[in-house]
Amino acid sequence: MTSADGGGAFLGIRARVDARGVDVDLRVAHGETVAVVGPNGAGKSTLLAVAAGLLRPDAGTVELDGVELAGPRRWVPPHRRGIVLMAQQTLLFPHLSVRDNVAFAPRASGLSRAAARDAAERWLVETGVRALAERRASDLSGGQAQRVALARALAAEPAVLLLDEPMAALDVDAAPELRALLARALGGRTAVLVSHDPDDVAALADRSVRMAAGRVAG
Ligand SMILES: Nc1ncnc2c1ncn2[C@@H]1O[C@H](COP(=O)(O)OP(=O)(O)OP(=O)(O)O)[C@@H](O)[C@H]1O
């Protein structure tokens, strides 16, 4: 494993996943949004899965704000990491209302029902989906579902937001609106964005790195 620089990063991922031919080293500063670009199969989603705790690397560490989340003798489960992954497929709870989807993380974090509802309300307004609050998640369009997914992700108050092609499933009409919303949401936030779209990278990221054949190439 090679190291691009020293410590000091807010989020540091140094991981080898042998079955996927991935050996990465990525450091993200506090408040920085880094775009990860590169061809299909380069290992971008694998990098996010390691950071989120969905995949255990064969070697390496994941660190957040000086705390080890994953390492040879340490494993913090996904829901305790303060890292939220927003994937291309929104994975909302289809049978729950939009409001209950967004209130889920605040409630799971121990807030009372009323406080979780207040938190959900704030993020529903913030992401422009307040009018959809009573709808079932299964009844949303793709663009609406992505907005709700963003509201749900932000309601978890994550220290780091991971976005895997957040706009790939949207039609071209819905993309600019969600991009503008994401630009607001990512301002000053620590985030890693995987995208094939140069417009997304330009609008959303402070810097970008390229992955190829499982390595961060620069
Ligand atoms: N669930 C999986 N099980 C086994 N191998 C996988 C799995 N997902 C991906 N891989 C393999 O791991 C490698 C990295 O894939 P990954 O999905 O991380 O790349 P990616 O850069 O995100 O690609 P894309 O842009 O197509 O989403 C590839 O060789 C891929 O075939």
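Laid out as a table, the results:
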| item | result |
| --- | --- |
| Three-way shape label, the range 153-218, alpha-carbon gyration tensor, a/c 1.5 | oblate |
| Whole-Hz ³J(HN,Hα) from phi, Karplus 6.51 cos²θ - 1.76 cosθ + 1.60, for the range 59-66, glycine and proline x | 8, x, 9, 10, 10, 10, 6, x |
| Contact order relative to length of the chain, as percent, for alpha carbon pairs under 8 angstrom and 6 or more apart | 30 percent |
| Helix-only mean residue ellipticity at 222 nm for the chain, each DSSP H run of n ≥ 4 adding -39500 (n - 2.57), per residue, nearest 500 | -9500 deg cm²/dmol |
| The range 104-218: relative contact order as a whole-number percent, Cα under 8 Å and 6+ apart | 21 percent |
| Gap separating the Cα centres of the range 116-159 and the range 173-209, nearest whole Å | 18 Å |
| Distant-in-sequence amide H partners of residue 163 (H built 1.01 Å from N, under 5 Å) | 86, 192, 193, 194 |
| Three-way shape call for the range 76-208 based on the alpha-carbon gyration tensor, with the a/c threshold at 1.5 | oblate |
| The range 31-78: projected area of the alpha-carbon convex hull, averaged over directions, in nm² | 4.0 nm² |
| Whole-Hz ³J(HN,Hα) from phi, Karplus 6.51 cos²θ - 1.76 cosθ + 1.60, for the range 207-218, glycine and proline x | 7, 10, 10, 10, 10, 8, 6, x, 10, 7, 8, x |
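Coordinate-derived values only; no laboratory data. Being a predicted model, the structure only gives us computed values, none of them experimental.
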